Amino acid sequence: MPCKTGKIINCGALGITMKIVVGISGASGAVIGIKLLEALRNEQTVLIVSQNAKKIIERETAWKYEQVTNMAKETYENTEMDAEIASGTSRFDTMIIAPCSTTTLAKIACGIGDNLLTRTASVALKERKKLIIVPRETPVSTPTLKRMYELSLYGAVIMPPVPAFYLAPENIDDVVNYIVGKILDHIGIRHNLYEPYRR
Ligand SMILES: Cc1cc2nc3c(=O)[nH]c(=O)nc-3n(C[C@H](O)[C@H](O)[C@H](O)COP(=O)(O)O)c2cc1C
């Protein structure tokens, strides 16, 4: 059964606090990044929101940008290229970009680090840290499919925000909770955002 409450409860690392960079770029589905931050409230989260994402947050959700930044332990502007996380010496564990625009995705695949988000993703790749990308676009163009394939080869996890129809989601909250839960599964954080499938 899917999580019916829409609430994020019982999240928490397996005894260890992780430093997690959360990027929200200018794709539809800003609520995924926001719910993810909420779920990671016990971790050391570092937030980067692109210019377009700031507009999309206010257009698609009831959240103000400042309220979103309040959920993160640290926030940087996407122009702050001198931020600690832009360096290979930075000790973050994981980077998650949710949602990720196809533009940001393509830049990362090509090794372009022209803003803090893309630069930090390049650091994640070169330092062999976990990089989870949640691209929101449909249909997906051939260039984007090619970039997704390349990123997967480079070790990134490509996790499109696809609903688990077999869990019978009843509303968008159920869908978002499932997607955020899948991200948490990949970084080893326990949650009850969705119930695993049972026959
Ligand atoms: C309201 C709105 C919704 C958008 N949705 C998407 C989307 O779902 N996927 C996507 O790849 N780009 C989308 N875009 C386009 C990106 O925002 C645009 O390519 C931008 O340059 C991405 O830059 P960023 O990744 O630095 O935010 C959208 C733009 C707007 C204004």
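Only the coordinates and a few stated rules stand behind these numbers; no lab work does. Nothing here was measured: the structure is a model prediction, and the numbers come from that model. Here the Cβ is made from the backbone with ideal geometry for all residues, glycine too, and neighbour counts use every protein chain on show.
I'd like to check something: does the range 125-135 contain any residue that is surrounded by 14 or more Cβ atoms within 10 Å (Cβ to Cβ), in contact (Cβ under 8 Å) with a residue 60 or more places away in the chain and in a helix (DSSP H, G or I)?
No: the range 125-135 contains no residue that is surrounded by 14 or more Cβ atoms within 10 Å (Cβ to Cβ), in contact (Cβ under 8 Å) with a residue 60 or more places away in the chain and in a helix (DSSP H, G or I).
For the range 26-51, give me each residue that is of a type outside the set (A, V, I, L, M, F, W, C) and assigned to a helix (DSSP H, G or I). Working first, answer last.
As a first pass, look at the range 26-51 and keep what is of a type outside the set (A, V, I, L, M, F, W, C): 26, 28-29, 33, 35, 38, 41-45, 50-51.
Those that are of a type outside the set (A, V, I, L, M, F, W, C) and assigned to a helix (DSSP H, G or I): 33, 35, 38, 51.
Are there any pairs, at least 6 apart or on different chains, whose C-beta atoms fall under 6 Å, with the first in the range 37-56 and within 16 Å of the ligand (Cβ to nearest atom) and the second of a type in the set (Val, Ile, Thr), and if so, which?
Filtered contacts from the range 37-56: 47/22; 47/75; 49/24; 53/24.
Quickly run through the range 88-117 and pick out the residues that are within 13 Å of the ligand (Cβ to nearest atom) and either surrounded by fewer than 22 Cβ atoms within 10 Å (Cβ to Cβ) or part of a loop (DSSP other than H, G, I, E, B) (or both).
Result: 101, 102, 103, 106, 107, 112, 113, 114, 115.
Would you check if residue 141 is loosely packed, with under 15 Cβ neighbours inside 10 Å and out of contact with any strand residue (DSSP E or B) (no Cβ under 6 Å at 6 or more places or on another chain)?
So residue 141 passes the test.
Here are the criteria: (1) free of Cβ contacts under 8 Å to residues at least 60 places away in the same chain; (2) out of contact with any Lys or Arg (no Cβ under 8 Å at 6 or more places or on another chain); (3) more than 23 Å from residue 17 (Cβ to Cβ); (4) away from the ligand (no atom under 16 Å from the Cβ). Tell me which single one residue 173 does not satisfy.
Exception for residue 173: condition (1).
Yes or no: the range 141-155 includes at least one residue that is more than 19 Å from the chain's Cα centre (by Cα), assigned to a loop (DSSP other than H, G, I, E, B) and more than 28 Å from residue 89 (Cα to Cα).
yes
Looking at the range 150-199 only, could you name the residues that are farther than 15 Å from residue 131 by Cβ, surrounded by fewer than 19 Cβ atoms within 10 Å (Cβ to Cβ) and among the hydroxyl-bearing types (Ser, Thr, Tyr)?
Once the filter is applied, which keeps residues that are farther than 15 Å from residue 131 by Cβ, surrounded by fewer than 19 Cβ atoms within 10 Å (Cβ to Cβ) and among the hydroxyl-bearing types (Ser, Thr, Tyr), the range 150-199 yields 166, 197.
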